[in-house]
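The values are calculated or read from the model by the stated rules, or taken from the named source; none is laboratory data. What you are looking at is a predicted structure, and each value in this text was computed from that prediction instead of being measured. In this analysis, Cβ positions are derived from the backbone assuming ideal geometry, glycine residues included, and neighbour counts consider all displayed protein chains.
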Amino acid sequence: MRPAPFPRRIAALALLFASAAVQASPWFDADARPGPRAHEAVALLAAAPEHGLVAEDYRAAALAQALDAAAHTPSHEAATRLEAELDAAMRRYLSDLHQGRLDPRTLYRSLTLPERPPFDARAVLDAGLAAGSLALAVRRAEPVLPQYAELRQALARYRTLEHDPAWAAPLPPLPQVGRTRKLEPGAAWPGLPALAARLVALGDLPAGPHAGTVYAEPLVGGVRRFQQRHGVSADGVIGAATFSRLEVKPAARAEQLVLALERLRWTPLLESRRMVVVNIPEFVLRAYEVQDGRITVVQRMRVVVGQALDKRTPLIDAQMRAIEFSPYWNVPPSIVRAETLPKLRRDPDYLAREGFEFVAGDGSVHGEVSAEALDALAAGRWRIRQRPGPRNALGDIKFVFPNAEQIYLHHTPSTALFARDRRDFSHGCVRIEDPLALAMFVLRDQPDWPEARIREAMDAGESRTLRLATPVRVLIAYGTALVKDGQVYFFDDIYRQDPRLQAALRERAAPAVRAD
């Protein structure tokens, strides 16, 4: 038998190698039909919304159709193309799942984030393929935080409520009481059945008969639980603030949870042994430690943040490096121009009464108001500072973490503000409710600074700076949804950051999945 012509032998060898390549594929069998991993990949991509992601960012539906066609009409050429597309889609999905769809620095130009450990989606995917489980790759990619799993559960629950009949119609207007509308215990209101239905659906009221013509227990208790979860005084009285929150539909809350998941993927919560985290919309600071991958909250306290209108506290990720006891307050130029100078011109005694003093360019200190002093202050040649003391705006302690925005944590003489539900009153810095507790947390690695010595330094009235032996990471973050003790909490979007993030996610380019 004569050997085949050389070109035909080359073609046969090429076909043989192509067949061997397909046979070795983790996605397709030797006949170019989709294998278990290909079907698993499509199922995982289709389930991306369970993580708050968008399935079509990964062409889940198109890939499912292509696999169906490949199963009915197998083709080595189509299998090769689909293998590359599945591989690229899964890598993009794993990357988004691990670190978010957006780089937060594209939204917050002032945010300086330290480099995170690189995430190798290629390696994670290959490990999943080798183990015969892409679900394993997904578990390795998703954030290993209890909060992440709890937010996912909350998202699933609120999505099941999106078509609940309890929100089919708006609640009727509240009773008119004087010049306001509100519902107090003992009052009649035709909206009681609809109110009960919503509270039961949300888990704030046990299921059961709640008949009655007046507003009373157990409905009042259910409203208190609802108020507590939505940042309203839990007094059981339904006023405008509570009513507006009762009218928010589950779909809107589900979107808040989607944004919370995205923000959590940005957040390096396990990358430092100790951290101080401020959540701006919640008006809360938490100090925690990480041991063996587990977070333990050591301190929790209320805070006052920057005013929403024009003095917003920025997002920051920095290292706390020092504490200042009995600090001077160097008044920022913006506050000097807008507030301090006008007050001094109207009332020169304001300088001494509030404990201020001028500091000239040569460092000399001046304690009298004059036209020359005010002109030098206005021109920026002089500055003004407030001496340590009971009226000092920074209180008796300041926590320093160098950042471009000149933001820090500090105590305050205006402690009554911590009792407010909404606490955006500062010029941008963060006022803390319990500075002693935070100082003890920060100085935990310095046993020569016990509680008594910290108190003494805070009360001394003499400015002193203490360098930290071990810097502590400070994260000022923004999240309008959170799960605490198994309950879902929602906070007002005081800086209107949710629509901004939603728009950025919508505008995010979703290019065709590439194989490179």
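Overview of values
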{"item": "Residue among A404, A457 that is assigned by TED's automatic domain parsing to the domain that holds Q299 and surrounded by 13 or more Cβ atoms within 10 Å (Cβ to Cβ)", "result": "A457"}
{"item": "The stretch 216-233, residues that are within 19 Å of L155 (Cβ to Cβ) and either more than 25 Å from the chain's Cα centre (by Cα) or in a loop (DSSP other than H, G, I, E, B) (or both)", "result": "H230"}
{"item": "Single residue of the stretch 145-174 satisfying the filter (at pLDDT 95 or above and in contact with a strand residue (DSSP E or B) (Cβ under 7 Å, 6 or more places away or on another chain)) that is farthest from K249 (Cα to Cα)", "result": "E150"}
{"item": "Tabulated pairs, the stretch 130-151, first surrounded by 18 or more Cβ atoms within 10 Å (Cβ to Cβ), second among the acidic types (D, E), C-beta under 8 angstrom, 6+ apart or interchain", "result": "L134/E40; Y148/E142"}
{"item": "Residue that is nearest to the chain's Cα centre (by Cα) [pool: residues in the stretch 41-82 that are surrounded by fewer than 19 Cβ atoms within 10 Å (Cβ to Cβ) and among the acidic types (D, E)]", "result": "E50"}
{"item": "Breaking point among (1) of a type outside the set (S, T, N, Q); (2) in contact with an Asp or Glu (Cβ under 8 Å, 6 or more places away or on another chain); (3) buried (at least 20 other Cβ atoms within 10 Å of the Cβ); (4) modelled with pLDDT under 95, for G306", "result": "(4)"}
{"item": "One residue from D87, D96 being modelled with pLDDT of 95 or more, acidic (D, E), surrounded by 15 or more Cβ atoms within 10 Å (Cβ to Cβ) and closer than 25 Å to E255 by Cβ", "result": "D96"}
{"item": "Residue in the stretch 234-254 that is at pLDDT 95 or above and assigned to a strand (DSSP E or B) present", "result": "yes"}
{"item": "Test: P170 is farther than 20 Å from D96 by Cβ, out of contact with any Lys or Arg (no Cβ under 8 Å at 6 or more places or on another chain) and not polar (S, T, N, Q)", "result": "yes"}
